[in-house]
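Working notes, structure below.
The values are calculated or read from the model by the stated rules, or taken from the named source; none is laboratory data. In this text, all values refer to a predicted model and were calculated from it rather than measured experimentally. Positions of Cβ are backbone-derived with ideal geometry, glycine not excepted, and every protein chain shown enters the neighbour counts.
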Amino acid sequence: MSREIKSVAVLGGGTMGTGIAGACANDGVRVLLLDVTRQAAEAARERIVAGRPPALDDPAKIELVSTGSFDTDLDQIGDYDWICEAIVEDLATKRQLFARLEPLRRDGSVVSTNTSGIPLRDVVAGMPERLGRDIAVTHFFNPVKVMRLMELIPGEETTADVIDAFAAFCGGRLAKGVVYAKDTVNFIGNRIGCFWMLSGLHKAKAALDAGLDMETIDLLMSQPVGLPPTGLYGLIDLIGLDVMDLVAKNLEINLPADDAGRAFTRFPEAEARMLARGQLGRKTGGGFYRVTKQDDGSRLREVFDLTAEDWRDVRAPADAGHADATALLFADDAAGGFAWELMGGALLYAAGLVPEISDDIVNIDRAMRWGFAWRQGPFEMLDALGPDRVIDRLKSEGTALPAMLQVLSVAGAASFYRADGTEFLGRDGAFAAVPPE
Ligand SMILES: NC(=O)c1ccc[n+]([C@@H]2O[C@H](COP(=O)([O-])OP(=O)(O)OC[C@H]3O[C@@H](n4cnc5c(N)ncnc54)[C@H](O)[C@@H]3O)[C@@H](O)[C@H]2O)c1
């Protein structure tokens, strides 16, 4: 059966539901937006027009969005092709809603959950077989209007036509970058991105002890390695230490027993104390950084010095003087040692996750570029560093090669991509054409 999505019922008008409903309406798609109460759904509809950035290029398109409540209007989903669940991240609550909606949707409709961390197999366990065949995870990123990445994850029973329908609609009409992931904890982007952040807090602590300051750490982890200007601490301020803590707790439960990320699911002590006193990031007026308005109208930018555990003025980072990632990661100084530990460590982590989280390197690279704004994905970065050089260093350190570096080494390949990036190294050691974006 081939399926086509022409209308969408979004369940939940929070941050993500509003974003998805807005993206669909902006594309001229008919949307039903339901929430716990009609008022909540109405407020979500308002935010589609008035949010920043506004979801609609033409405010008149809001007419495509009708609203209702789960209690009085759920049966209307029978008129929609895609039932998109975006309610709270709570397994029991999601399962209750799926059990209620399943008899009400029409044959041929497709269903998705926008969960960021609950395994799909737990969502569908014991549910009717039709739901198991018709459901996938559609993991959008916030803000939906801005972020290109959408991770698409089938369940064990999901049929190919369902995945094709989501890929065609989200990749085509919504112009998202669709990445194919697996039903593993945090999928691709957040698995690697959260490893980078959580391991980063620990590796940065060692660097602080070795004399680097926080401003320099953030500088090193931005432009020189092709990451956004927020660096490490600035990015966690944006996300919030409380969110990071929830992510870490979920990882502690769901990471494989031998996963390297297990060493970093607890914050270092100073960050644990920040969490305990509610010093969470931008949303609480300060986390690692804060900006306060002075009596004379000027703004004072301060950093929470993790060693002294006190605020001090932000100072200019020490200019590391390393031209690019290769120069930095192979530099024989404190900055180089830290960058190798953190950035190099994240690249090696990614290289060990094929095929666990993705069948190929292309989807991993795309997820990090589109979801975390890395200039290059992990395998593209490894190519820039020179895989042979990385392998030599790992061997000299007595470190086992992660899976994809092992594949590259055995295949005698010089890089993960060749032919101007049009071919990639597969798990079987052979090169294949990179699929279109
Ligand atoms: N915010 C993000 O950055 C982000 C990114 C990707 C995925 N997600 C996932 O998307 C989903 C929604 O997250 P969000 O950030 O939009 O959350 P949110 O808190 O902004 O919105 C939650 C929605 O759930 C509804 N809700 C609350 N309690 C409910 C209940 N008992 N029954 C039914 N509905 C209930 C709320 O009314 C609201 O519409 C979650 O699964 C989350 O993990 C969030």
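Within the stretch 26-41, take every residue that is within 12 Å of the ligand (Cβ to nearest atom) and assigned to a helix (DSSP H, G or I) and give me the one that is surrounded by the most Cβ atoms within 10 Å (Cβ to Cβ). Among them, the one singled out is Ala41. Under the condition of being outside any loop (DSSP other than H, G, I, E, B) and either aliphatic (A, V, I, L, M) or away from the ligand (no atom under 15 Å from the Cβ) (or both), the residues counted in the stretch 42-64 number 11.
Of all residues in the stretch 108-134, those that are away from the ligand (no atom under 14 Å from the Cβ) and touching a residue at least 12 places away in the same chain (Cβ under 8 Å) total 14. Determine which member of the set Leu101, Leu152, Leu120, Leu131 is assigned by TED's automatic domain parsing to the domain that holds Pro53 and touching a His at 6+ places or on another chain (Cβ under 8 Å). Among Leu101, Leu152, Leu120, Leu131, only Leu152 is assigned by TED's automatic domain parsing to the domain that holds Pro53 and touching a His at 6+ places or on another chain (Cβ under 8 Å). Against the list (1) over 16 Å from Asn190 (Cα atoms); (2) in contact with a Gly (Cβ under 9 Å, 6 or more places away or on another chain), the condition Asp333 fails is (2). One residue alone among Ala318, Ala367, Ala373 is closer than 30 Å to Val291 by Cβ, in contact with a Ser or Thr (Cβ under 9 Å, 6 or more places away or on another chain) and of a type in the set (A, V, I, L, M, F, W, C), and that residue is Ala318.
Scanning the stretch 316-335 for residues that are touching a helix residue (DSSP H, G or I) at 6+ places or on another chain (Cβ under 6 Å) and either farther than 13 Å from Met221 by Cβ or of a type outside the set (Gly, Ala, Ser) (or both) gives Pro317, Ala318, His322, Thr326, Leu328, Leu329. What do you reckon, is Asp383 in contact with a Ser or Thr (Cβ under 7 Å, 6 or more places away or on another chain) and assigned to a helix (DSSP H, G or I)? So Asp383 fits the description; yes. Do we have any residue at all in the stretch 65-73 that's within 13 Å of the ligand (Cβ to nearest atom), among the hydroxyl-bearing types (Ser, Thr, Tyr) and touching a strand residue (DSSP E or B) at 6+ places or on another chain (Cβ under 8 Å)? Yes, some residue in the stretch 65-73 is within 13 Å of the ligand (Cβ to nearest atom), among the hydroxyl-bearing types (Ser, Thr, Tyr) and touching a strand residue (DSSP E or B) at 6+ places or on another chain (Cβ under 8 Å). For the stretch 75-94, the candidate set comprises residues that are touching a Gly at 6+ places or on another chain (Cβ under 9 Å) and away from the ligand (no atom under 11 Å from the Cβ); within that set, the residue that is nearest to Arg30 (Cα to Cα) is Asp81.
When Arg105 is tested against (1) surrounded by fewer than 22 Cβ atoms within 10 Å (Cβ to Cβ); (2) more than 16 Å from the ligand (Cβ to nearest atom); (3) of a type in the set (Lys, Arg); (4) over 29 Å from the mean Cα position of the chain (by Cα), exactly one condition is not met: (1). Look at the stretch 219-242: where a residue is within 18 Å of Thr326 (Cα to Cα) and a partner is acidic (Asp, Glu) and outside any loop (DSSP other than H, G, I, E, B), sitting 6+ places away or on another chain with Cβ atoms under 8 Å, you get Gly231/Asp218.
Okay, residues lined up against (1) in a helix (DSSP H, G or I); (2) under 26 Å from the mean Cα position of the chain (by Cα); (3) buried (at least 17 other Cβ atoms within 10 Å of the Cβ); (4) modelled with pLDDT under 95:
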{"position": "Pro317", "(1), (2), (3), (4)": "no, no, yes, yes"}
{"position": "Phe338", "(1), (2), (3), (4)": "yes, yes, yes, no"}
{"position": "Ser358", "(1), (2), (3), (4)": "no, yes, yes, no"}
{"position": "Asn363", "(1), (2), (3), (4)": "yes, yes, yes, no"}
{"position": "Arg369", "(1), (2), (3), (4)": "yes, yes, yes, no"}
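Quick check on Arg393: is it in contact with a Gly (Cβ under 7 Å, 6 or more places away or on another chain), surrounded by 14 or more Cβ atoms within 10 Å (Cβ to Cβ) and not hydroxyl-bearing (Ser, Thr, Tyr)? The answer is no for Arg393. Residue check: Phe304 meets all listed conditions (1) assigned to a helix (DSSP H, G or I); (2) surrounded by 20 or more Cβ atoms within 10 Å (Cβ to Cβ) but one, namely (1). Of the residues contained in the stretch 32-52, one or more are found to be touching an Asp or Glu at 6+ places or on another chain (Cβ under 7 Å) and closer than 24 Å to Gly108 by Cα. Take the residues in the stretch 241-284 that are small (Gly, Ala, Ser) and within 23 Å of Ala308 (Cβ to Cβ), then tell me which one is surrounded by the most Cβ atoms within 10 Å (Cβ to Cβ). Only one residue tops the list, namely Gly281.
Scanning the stretch 74-104 for residues that are in contact (Cβ under 8 Å) with a residue 40 or more places away in the chain and not hydrophobic (A, V, I, L, M, F, W, C) turns up Gln76, Asp79, Tyr80, Asp81, Glu85. Being away from the ligand (no atom under 14 Å from the Cβ) and in a helix (DSSP H, G or I) is a condition met by no residue of the stretch 15-22.
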